[in-house]
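Notes follow once the structure below has been shown.
The values are calculated or read from the model by the stated rules, or taken from the named source; none is laboratory data. Source: prediction; values computed, not measured. In this analysis, Cβ positions are derived from the backbone assuming ideal geometry, glycine residues included, and neighbour counts consider all displayed protein chains. Each accessible area value is taken on the protein alone, full model and side chains, heavy atoms only, with ligands, DNA and RNA left out. Shrake-Rupley method; radii C 1.70, N 1.55, O 1.52, S 1.80 Å.
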Amino acid sequence: MRAAAQHWQFENYSESLMLQTAATQYVGASQSSWPVLWSAAQIGVCTAFAGEASAAREQFGRASRIAMRLGQPVVAGICTSSESLCALFADTSSAPWIIIRSLCSLHEGLMEYIQLNQLPHADMCWHVRTSERQSARWQGGQLPTRAQPEIRISTFGGFGICIGGRPIAGLPTGRSGALLRYLCTHQGQMLHCDELLETFWPEVDPEISRNRFHYTMHTLRRSLASACGEHGLPIAHSEGRYGFAPEQPVWIDTDSFRALITRARHAERQQHVQQAIALYLEAMAIYRGEFLPESRYESWAEASRTQLRDLHLGALERLGYLYVMVGNIGAAIDQCARLLEQDSSREDIHQRLMHCYIALGQRSQALQQYERCVQSLSSELGLEPLPETIQLYESIKGLALAAA
């Protein structure tokens, strides 16, 4: 849902709604779970904003019914009111601006109620903002001539920030740089001071750590103002929480990477093989190296680094498989080789490469691949190949002898 929020900021409404729908499918078919409730409410408001009143009305009705089963009459009332508003323009091509504003107010009220009562899985809901472009179109006004520059945050292979297509030099280093990277990778969230203290000064006296935090935050703000200029990354502060609150959209490579992997898997499940290949390749182009190498020894980054690496390896595996399916054996070999460069003990990939070489009539290459498999398994895991790998090797060896 976080990736869907990013796409909404960029006015990629169809993309955002597709990701939200995929999220609903992911949380399951239950008609009474909290995740399904919030997902239906979120899809409802976004669908309404995108001009699909009938579909929005259906989602709000679903959310209302689930809320009543969960004993949440306030949530059900907000969803029912939203459903009624959608009914007012269900047969028209666009909604009056007053209705759009009312829907926005209802959704903001829902968000406040969720946060105040700390309801489960509340992170599946996010604030839907109307862009200047949408507001002008709905009100029949003229589009503004000045656009804010886009902020792009890169984390793969090295941390960097671009504003309006210009790389920002002179970003802070040391502890303030680490704090900057942490806030950027939690973009869109307001993080409590206690969480930041626990992350960066876990074993320090609370009073000392709080002083260090305020000094680091002051240094960070001053460095960002110097490096980024007028279109910087303002750090918001409210009720002990900190986070970036830029007026312009922010793109971050990790969100885009995850969204592309999600779309590729969805396309694969729908048996849209060529589309899945294209999406996986687009994701591979974003993954330019490990996540935040500058934070290699910072524990907070390790979980994300491992997860993103696993997603990358999984995408390489699926690409190799899909290329075999479409008969592009050369491309399949390339993807398998890339995967083995990062995890040479993957016996299933060694097997796939052996099959690929046989398909190309390259028996000697297949036999050499087996030897590489044996060496990798022995040196890294202290294991011998599985019986099916040995059997494959013996079959290839028999074919080679017969041909000789």
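See the values below:
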item: Listing of helices (runs of 4 or more DSSP H) fully contained in segment 279-379 that carry 1 or more residues being of a type in the set (D, E, K, R) and either closer than 20 Å to residue 185 by Cβ or touching an Asp or Glu at 6+ places or on another chain (Cβ under 6 Å) (or both); result: 299-325
item: Selection count where residues are within 23 Å of the chain's Cα centre (by Cα) and either within 17 Å of residue 255 (Cβ to Cβ) or surrounded by 21 or more Cβ atoms within 10 Å (Cβ to Cβ) (or both), scope segment 323-345; result: 2
item: Index of the failed condition, residue 20 passing every other in (1) under 18 Å from residue 101 (Cβ atoms); (2) modelled with pLDDT under 70; result: (1)
item: Residue check for residue 193: modelled with pLDDT of 90 or more and either hydrophobic (A, V, I, L, M, F, W, C) or farther than 28 Å from residue 126 by Cβ (or both); result: yes
item: For residue 181: the one exception among (1) among the basic types (Lys, Arg); (2) open to solvent by 50 Å² or more (accessible area, probe 1.4 Å); (3) under 20 Å from residue 292 (Cα atoms); result: (2)
item: Residue in segment 385-394 that is in contact (Cβ under 8 Å) with a residue 12 or more places away in the chain, closer than 30 Å to residue 263 by Cβ and either in a helix (DSSP H, G or I) or in contact with a helix residue (DSSP H, G or I) (Cβ under 8 Å, 6 or more places away or on another chain) (or both) present; result: no
item: Pair list, Cβ < 6 Å and 6+ apart or interchain, from segment 314-339 residues that are among the hydroxyl-bearing types (Ser, Thr, Tyr) to residues that are in a helix (DSSP H, G or I); result: 323/331; 323/332
item: Residue within segment 164-173 that is open to solvent by less than 70 Å² (accessible area, probe 1.4 Å) and in a helix (DSSP H, G or I) present; result: no
item: Among the residues listed as 67, 95, 40, 76, the single one being open to solvent by less than 50 Å² (accessible area, probe 1.4 Å) and modelled with pLDDT under 80; result: 95
item: Those helices (runs of 4 or more DSSP H) lying entirely in segment 193-272 with at least 1 residues within 27 Å of the chain's Cα centre (by Cα) and small (Gly, Ala, Ser); result: 253-269
item: Cβ-Cβ under 6 Å pairs, at least 6 apart or on other chains, segment 191-208 side open to solvent by 30 Å² or more (accessible area, probe 1.4 Å), far side at pLDDT below 95 and part of a helix (DSSP H, G or I); result: 199/300
item: The lone exception for residue 264 - which of (1) more than 25 Å from residue 166 (Cα to Cα); (2) loosely packed, with under 14 Cβ neighbours inside 10 Å it fails; result: (2)
item: For residue 306: the one exception among (1) without any contact (Cβ under 8 Å) to a residue 40 or more places away in the chain; (2) among the β-branched types (Val, Ile, Thr); (3) over 30 Å from residue 198 (Cβ atoms); result: (3)
item: Pairs where the first residue, in segment 276-292, is closer than 20 Å to residue 154 by Cβ and of a type in the set (Asp, Glu) and the second is open to solvent by 10 Å² or more (accessible area, probe 1.4 Å) and not in a helix (DSSP H, G or I), C-beta under 9 Å, 6+ apart; result: 290/157; 290/296
